[in-house]
1. Have a look at ASN66, ASN77 and point out the one that is outside any helix (DSSP H, G or I) and either touching a Lys or Arg at 6+ places or on another chain (Cβ under 9 Å) or farther than 19 Å from LEU6 by Cβ (or both).
2. Pick from the range 92-107 the residues that are surrounded by 10 or more Cβ atoms within 10 Å (Cβ to Cβ) and farther than 21 Å from GLU60 by Cα: which of them is nearest to the chain's Cα centre (by Cα)?
3. List every residue pair whose Cβ atoms lie under 7 Å apart, where the two residues are 6 or more positions apart in sequence or sit on different chains, the first residue falls within the range 2-28 and is part of a loop (DSSP other than H, G, I, E, B), and the second residue, located anywhere, is surrounded by 11 or more Cβ atoms within 10 Å (Cβ to Cβ).
4. Looking only at the range 24-43, how many residues end up being surrounded by fewer than 18 Cβ atoms within 10 Å (Cβ to Cβ) and touching a Phe, Trp or Tyr at 6+ places or on another chain (Cβ under 6 Å)?
5. Looking at SER108, SER94, SER83, which is the one that is at pLDDT below 95 and small (Gly, Ala, Ser)?
Amino acid sequence: QLINDLKYKHNLTEEEICNSLAITKHNLKRNLRVHSLINRYKESDYGDQFETNMYSIFEEIIKNVNIKNWLDWDDSNMQPYNSLNEEKIYSWISTIEEIDLDNDDEISIIKEP
């Protein structure tokens, strides 16, 4: 969040951020991508399930070139363009409640990620 705030709220350049936090430009850009994906997750139907400890999951998604390609990730806009695959990833890392009808009774089944 700090990196995102420095860039977008305080309008620091990437070089200024890297120098002030002693991080590489590669690390800076990766963190901005991760934060962008997290924000998209928070805006999705699963967003209420976000917890800070999920950061590493989003980091691994962004680190993996094959997954980024599968998502049709666009670095210039910091977002995926394959919304169907984006939705799949979110469902895989989220708890899902399914309703099953058993003898006309509704049974709620919670599926863990």
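1. Going through ASN66, ASN77 in turn, just one is outside any helix (DSSP H, G or I) and either touching a Lys or Arg at 6+ places or on another chain (Cβ under 9 Å) or farther than 19 Å from LEU6 by Cβ (or both): ASN77.
2. Checking each candidate, the answer is ILE96.
3. LEU12/LEU6; THR24/CYS18
4. Residues in the range 24-43 being surrounded by fewer than 18 Cβ atoms within 10 Å (Cβ to Cβ) and touching a Phe, Trp or Tyr at 6+ places or on another chain (Cβ under 6 Å): 1 in total.
5. Among SER108, SER94, SER83, only SER108 is at pLDDT below 95 and small (Gly, Ala, Ser).
The values are calculated or read from the model by the stated rules, or taken from the named source; none is laboratory data. Predicted, not measured: the structure shown is a model, and the values here were computed from it. Using ideal geometry, Cβ is built from the backbone for each residue, glycine included, and neighbour counts are taken over all protein chains shown.
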